[in-house]
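K.L.:
Dropping the structure in here first, questions after.
The values are calculated or read from the model by the stated rules, or taken from the named source; none is laboratory data. Note that the structure is a prediction, hence the values are computed from the model and not measured. Here the Cβ positions follow ideal geometry from the backbone for every residue, glycine too, while neighbour counts run over all protein chains shown. Heavy atoms of the whole protein, side chains included, go into the accessibility calculation; ligands, DNA and RNA do not. Shrake-Rupley method; radii C 1.70, N 1.55, O 1.52, S 1.80 Å.
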Amino acid sequence: MPESRLLSLLLANTSLLCVQYLNTEGHTATHSFNLNYGLGNVEGSFQPLGFEFSQSARGVVLVGNTLHAELMTSGGVWWHDEVLIQIKFPSQDFQPPTIHFHRNPSQRLKPWCQNLRLIDKWLLAAQCLQPDGTYRDSYLNLNKCLGERDGAFDRHGTGFSSSASSVDLTDTTLLAIWKPRGANAHQESRAAIQLGTILRCTDGGLKPLRQNIPSRELEFEILRDYQWERHLSATVRPHGVTNLRLINFTQKRYWYLLVDIPSPGGAFQESTLIVLNEIFGPHVDEMFNGPWFSSPDIPEHARSTKLDNGILTASFESEEGWAEKTIILRNYIAIKAHKWALNNCGWGCPACRDLFYAGVFYTPWEGRTVELNLSHVRDGHRLGQCFICRLIHDTIKQYTPTQKSHQAWIMTAPGSSQRMADHRARREVQLVIRAVESDGGRTSWLRSKADSQARTIEARCTIVLDIPGINRGSNDDEIASRVPQHLRTLAINKCDPAWVEPGRRWSVIKEWIQVCSSQHQHGQKQAESKKEKGKDEVGALPPLPSRYLNINTKNGTVKVVTSNSGERGIYACLSHFSGGRRPCTLSASTTVHFSIAIPHQILPPVFANAIAACRKLGISRLWIAELCIQQDSAYDWEQESQKIGQYYSQCEVCISATSSAAPSLGFDVEATRIPAVRSSDKSGDFSLLAYPTDFNKNPQHFVHMRDMETMLQEFPLLTRAWGLQERWLAPRVLHFTKNEVVFECAECIACECGGVSEHLVENIGLNNVGFSSIRSTTTAQHGLLRRRTRLEDLKWDELVPMFSGLSLTVLTDRLAALSGLAAAMYRQHYVHRELPEESAPPAYSKLPEYDEPKDKATVTSGPGTEYFTGLWLQTLPRDMAWFVGETLLRNTASEQRLEVVGSGHGNRRRPRPSEYLAPSWSWASVLDAVRYLEAHDQQPLFEVLETHVSLATNDPFGRVEEGCSLQLRGNIFETGWGLRPTGKDGAEKAYVLSDLVGTQQLDAEEDRGRVLFSPDCDIESPGPSQVRPRDTLYVFPLLKQKVKYARFLLQAAEAMDASRTTCCLVLKAVGGLDQKFGNVFERVGFTEYVNLKKGVRNVDVNHYEERDFFLV
């Protein structure tokens, strides 16, 4: 019986394939296949057994039995791909044919190219078939189309070779090894990739499959030089060299020199690349003078490029027009030991000329050294002819002053590039001095080495360029205008002048303050505000605190001064950790004595250091809480504590003892570092600096801290709740840390070592409480310690999470410690700009009523009435939606919950304290750090009927007393609750609302008893906050909002876009204002859920009852 036979394949449209075949009876038959059923797209590649490839495809064509298309990735990048179609016929005629798809990436290269090889880890070379049947060399920079991520190839990245220790090519498979990286990496990473998955051979050349790489960047020309080839062959005997060529990638103007050199065994092999762009510069020759070479990304092509007998000639465009430039390559490049090598083209000084190759300062790759002739160094220093010799001589004298016998050499810092051709790149250069040790000398940072004859010491110094007015962020053109070409490979000094020259600390600090006052926006506003208050010089100054320390007396004494009403002047404030014993405080018994003089010997070191700092700054007044508020007077503390925020916000500078854990632990007013050695060029445009290599070794910076334990050890003040508003309110802060001074204001941050902004990260995870969910929260945006910004840019739901995790000695200060910031934000949002009427829903237009505290003023209106117990009336639904712990909503079941919200090890909440801090609906009522979901299209679900606040003082932003309540109208749902075992061994438990219907997984249907809630505090231990197993709980919806994640999830995009989460408080009934109706509740937790039933979202089936009730 004859078999069925395929006649033709026809692509009717993007996804419909028509098959014409001859069946077993000899009749012509047709059958159609929808390619969308059986063929998908996964990140730019065809996926057999997938679906709907045509939804993200273009340019679909059928060539023979191969389907070609461009497929789009999730990032919007188009990739070319192809898949082989195979039609199989059944043995029975009544059965239709079947279709199968096969991918064979290696066929994209074979048989279209031959002699595929890898040069220098990243340049792929091959002989590609041309239309005329011949083969021609083709080159492709693999770094353009291949990257590395987590020790594996990334076909969507770039620059894979920069971090690879070894790269090999076997047939069409690329193999690479990456060295261990990161704290948890203990072994090498090995990976392989089939080249056919990233490129193909087409149109006579190698082309990447990724379509976002402009073809003009891949264009190249090959220049042959037969005369230079014959010249080099005469020096490489007996076989000579062959195939000398210069590969010119014209768009980026990267030029690579290649030649086939015989190995010791006689076989020819391609040399390692010589990258001309990394070697030559204007100091060597006129060819590369001008913008062409300093900025190789300029797109204009060079014209008339020629290579003849080792002379490279090309025309380049300049401001004067096109000009021909020439460089004689053979003067600088030779073949030595069967490899390319650079001839020494050195500096004129005999002592340091070996440091210069091809006209630039060059240090050998790691493991090699260049020894210095110290007798020539001494001569160069004595004659004053070489400032490099002067630097080396002075460095030896500075750091090994008592030693007589020395050796010295230059080397590249460990970890620098191994490639010889990389010598033009800037890197860290080290001067190593080895000397015989004698008595005395600075040996604290020197490494001792045992010697059979004598004990030696070794000093390592880093050499950098220091250019006034230019830092590490300056571009090459700025540096070129100030520094000769032969020194531009040296690293730029990253440190502030005060770091390398400690004696300049206070001049630099004064400059920081002056720049902030005159150039920063908040400094200008402060100056304008001062001028508005008075035309004369005194009237333009801020009012003085009620008391301050006068530190400008003629005999050097310090005394407490009570200011007169309306007195103005400049003063500083001290921010410090006030724990432990406080032997020096203002009290009823010391007031008279301290108004005359405070004995210097009783001042704690922190106070004495702050006074010394003020004198350095020329500031004669200082405010310290312990010496300016009478500590044994409740009345004085009540009056003055309300002004603390004002004092800090109007001071000239806040002196912060950031690394001192107690008043008895002071800080360094003067820097104790050894100064760097400086040697300046005669022009004065730049200097060379040398300082100990460990001088700037990983100083700690608080903006980089990622856990509270390290923060407590290094910067204890920043873990203190009172310190937060002192830091944010002061116009500028000087942080005295263990190693240096850090300057911080609302617009910039600077430090002496220069490292605070080198890797500055504003958004760091709140790891101290285990938060790292991808759910979008305000703590995901700003974590443990947010860098300062202007107050008008600070949101309340960003401030509260920062503040709530900080420590307090007196728990009842939880609201008072934030009162200054709250008052400042009130002035920003409610005084200086009027809110539009529509921004405040009618439901929240009623102002709070305040109880009149005993012996306190009654506050019923005026400043602060929009604020109560740590929340704002305008944004009350939002502000009440705080929670403790991890977020509850998940995308899929596989998205692991990082913190089980329940009764287990390490995640139990702290109990509410016995002292009344705030009503249960305020975040200030709990002691754990709180969080907010990031707001996204929020819709309030309740109405405020009445607010009632009992103030503990006459400060509307300060402490409150028991009796605060909210009367609300909203929906209530009664439910039971329980504990559900979870985790691998069931040791953890989650809190479940047993009667509420919903889901906390975006791809799962809702059900009863699946919604978890997060307790606000410990609700299991006996006490006022305990919730017993049989107690009824009540769910109170606050608001609905769109689901938002901190990172984009492709697989969840549709579900997130369509889902709205209901954010609810979990309440329990209590006795109180309205016991007979059972309508008094207190908050015990938080929950959120979404609704999904049979594909329909956002239809809530829970039977809520509308009630008027009180929340206490």
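K.L.:
Restricting attention to the range 1027-1049, which residues are surrounded by 15 or more Cβ atoms within 10 Å (Cβ to Cβ) and modelled with pLDDT of 90 or more?
P.N.:
1027, 1033, 1034, 1035, 1036, 1037, 1038, 1039, 1040, 1041 - these are the residues of the range 1027-1049 that are surrounded by 15 or more Cβ atoms within 10 Å (Cβ to Cβ) and modelled with pLDDT of 90 or more.
K.L.:
Moving to a separate point now. List pairs: first in the range 986-998 and under 18 Å from residue 1063 (Cβ atoms) and in a loop (DSSP other than H, G, I, E, B), second open to solvent by 10 Å² or more (accessible area, probe 1.4 Å) and modelled with pLDDT of 95 or more, Cβ under 8 Å, 6+ apart or cross-chain?
P.N.:
Matching pairs, first to second residue: 996/973.
K.L.:
If you check residue 228 against the conditions, is it open to solvent by less than 40 Å² (accessible area, probe 1.4 Å), under 30 Å from residue 311 (Cα atoms) and modelled with pLDDT under 90?
P.N.:
Values: open to solvent by less than 40 Å² (accessible area, probe 1.4 Å): yes; under 30 Å from residue 311 (Cα atoms): yes; modelled with pLDDT under 90: yes.
For residue 228, the condition - open to solvent by less than 40 Å² (accessible area, probe 1.4 Å), under 30 Å from residue 311 (Cα atoms) and modelled with pLDDT under 90 - is met.
K.L.:
Go through the range 590-615 and give me each residue that's hydrophobic (A, V, I, L, M, F, W, C) and touching a Lys or Arg at 6+ places or on another chain (Cβ under 7 Å). Steps first, please.
P.N.:
In the first step, residues of the range 590-615 are kept if they are hydrophobic (A, V, I, L, M, F, W, C); the result is 592, 594, 596-598, 602-603, 606-608, 610-614.
Listed by number, the residues that qualify are 594, 596, 597, 598.
K.L.:
Given 119, 87, which one is touching a Pro at 6+ places or on another chain (Cβ under 9 Å) and surrounded by 13 or more Cβ atoms within 10 Å (Cβ to Cβ)? Explain how you work it out, then say what you get.
P.N.:
Working: 119 fails: touching a Pro at 6+ places or on another chain (Cβ under 9 Å).
Sole residue among the options that is touching a Pro at 6+ places or on another chain (Cβ under 9 Å) and surrounded by 13 or more Cβ atoms within 10 Å (Cβ to Cβ): 87.
K.L.:
Which count do you get for residues in the range 942-982 that are open to solvent by less than 50 Å² (accessible area, probe 1.4 Å) and outside any strand (DSSP E or B)?
P.N.:
11
K.L.:
To continue, here is another question. Scan the range 74-84 for residues that are open to solvent by less than 60 Å² (accessible area, probe 1.4 Å) and out of contact with any strand residue (DSSP E or B) (no Cβ under 8 Å at 6 or more places or on another chain) and jot them down. First the steps, then the outcome.
P.N.:
Our first condition is that a residue be open to solvent by less than 60 Å² (accessible area, probe 1.4 Å); within the range 74-84, this holds for 76-83.
Matches in the range 74-84: 76 only.
K.L.:
In the range 35-55, what residues are open to solvent by 40 Å² or more (accessible area, probe 1.4 Å) and aliphatic (A, V, I, L, M)? Explain how you work it out, then say what you get.
P.N.:
Quick first cut of the range 35-55, residues open to solvent by 40 Å² or more (accessible area, probe 1.4 Å) only: 37, 42-43, 47-49, 51-52, 55.
42, 49 - these are the residues of the range 35-55 that are open to solvent by 40 Å² or more (accessible area, probe 1.4 Å) and aliphatic (A, V, I, L, M).
K.L.:
Being open to solvent by 30 Å² or more (accessible area, probe 1.4 Å) and of a type outside the set (Lys, Arg) is the filter here, so list the residues in the range 621-632 that pass it.
P.N.:
Within the range 621-632, 630, 631, 632 meet the criteria.
K.L.:
Residues in the range 653-672 that are crowded, with 21+ Cβ neighbours inside 10 Å and under 31 Å from the mean Cα position of the chain (by Cα): how many? Give the derivation first.
P.N.:
At the first step, the residues of the range 653-672 found to be crowded, with 21+ Cβ neighbours inside 10 Å are 653-660, 663, 667.
Next cut, under 31 Å from the mean Cα position of the chain (by Cα) only: 653-660, 667.
Result for the range 653-672: 9.
K.L.:
Please state which one of 265, 281 is open to solvent by 30 Å² or more (accessible area, probe 1.4 Å) and at pLDDT below 75. Full working, then the answer.
P.N.:
On the way: 281 fails: open to solvent by 30 Å² or more (accessible area, probe 1.4 Å).
Result: 265 is the single residue among 265, 281 that is open to solvent by 30 Å² or more (accessible area, probe 1.4 Å) and at pLDDT below 75.
K.L.:
Which ones in the range 69-106 are within 15 Å of residue 57 (Cβ to Cβ), in a loop (DSSP other than H, G, I, E, B) and not hydroxyl-bearing (Ser, Thr, Tyr)?
P.N.:
The answer is 76, 77.
K.L.:
Has the range 600-614 got at least one residue that is in contact with a strand residue (DSSP E or B) (Cβ under 7 Å, 6 or more places away or on another chain) and open to solvent by 10 Å² or more (accessible area, probe 1.4 Å)?
P.N.:
no
K.L.:
Shifting gears a bit: State yes or no: is residue 561 part of a strand (DSSP E or B), farther than 26 Å from residue 817 by Cβ and at pLDDT 90 or above?
P.N.:
Working: part of a strand (DSSP E or B): yes; farther than 26 Å from residue 817 by Cβ: yes; at pLDDT 90 or above: yes.
So residue 561 fits the description; yes.
K.L.:
So how many residues does the range 489-512 have that are within 28 Å of the chain's Cα centre (by Cα) and part of a loop (DSSP other than H, G, I, E, B)?
P.N.:
Residues meeting the conditions: 6.
K.L.:
Filter the range 110-148 down to the residues that are charged (D, E, K, R) and assigned to a strand (DSSP E or B), then identify the one that is farthest from residue 175 (Cα to Cα). Before the answer, list the steps.
P.N.:
So in the range 110-148, the residues charged (D, E, K, R) come out as 110, 117, 120-121, 132, 136-137, 144, 148.
Filter once more, so that each one left must be assigned to a strand (DSSP E or B): 117, 136-137, 148.
Values: 117: 13, 136: 25, 137: 23, 148: 12 Å.
Result: 136.
K.L.:
Quick test of your reading of the structure: residue 666 fulfils all but one of (1) at pLDDT below 90; (2) of a type outside the set (A, V, I, L, M); (3) within 17 Å of residue 548 (Cα to Cα). Name the failing condition by number.
P.N.:
(3)
K.L.:
Hey, among 419, 390, which residue is among the basic types (Lys, Arg) and either at pLDDT below 80 or farther than 14 Å from residue 679 by Cα (or both)? Walk me through how you get there before you give the answer.
P.N.:
Working: 390 fails: either at pLDDT below 80 or farther than 14 Å from residue 679 by Cα (or both).
Criteria check complete, one pass: 419.
K.L.:
Right, here's the next one. Taking the range 796-817 as the region of interest, how many residues are modelled with pLDDT under 90 and assigned to a loop (DSSP other than H, G, I, E, B)?
P.N.:
Here the count works out to 5.
Yes or no, residue by residue, for (1) at pLDDT 80 or above; (2) open to solvent by 50 Å² or more (accessible area, probe 1.4 Å):
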| position | (1), (2) |
| --- | --- |
| 468 | no, yes |
| 476 | no, yes |
| 482 | no, yes |
| 503 | yes, yes |
| 509 | yes, no |
| 519 | yes, yes |
| 544 | yes, no |
| 554 | no, yes |
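K.L.:
Take the conditions in contact with a Pro (Cβ under 9 Å, 6 or more places away or on another chain) and aliphatic (A, V, I, L, M) and apply them to residue 6. Does it pass? Step through it out loud before you land on a result.
P.N.:
Working: in contact with a Pro (Cβ under 9 Å, 6 or more places away or on another chain): yes; aliphatic (A, V, I, L, M): yes.
Considered against the rule, which asks whether it is in contact with a Pro (Cβ under 9 Å, 6 or more places away or on another chain) and aliphatic (A, V, I, L, M), residue 6 comes out as yes.
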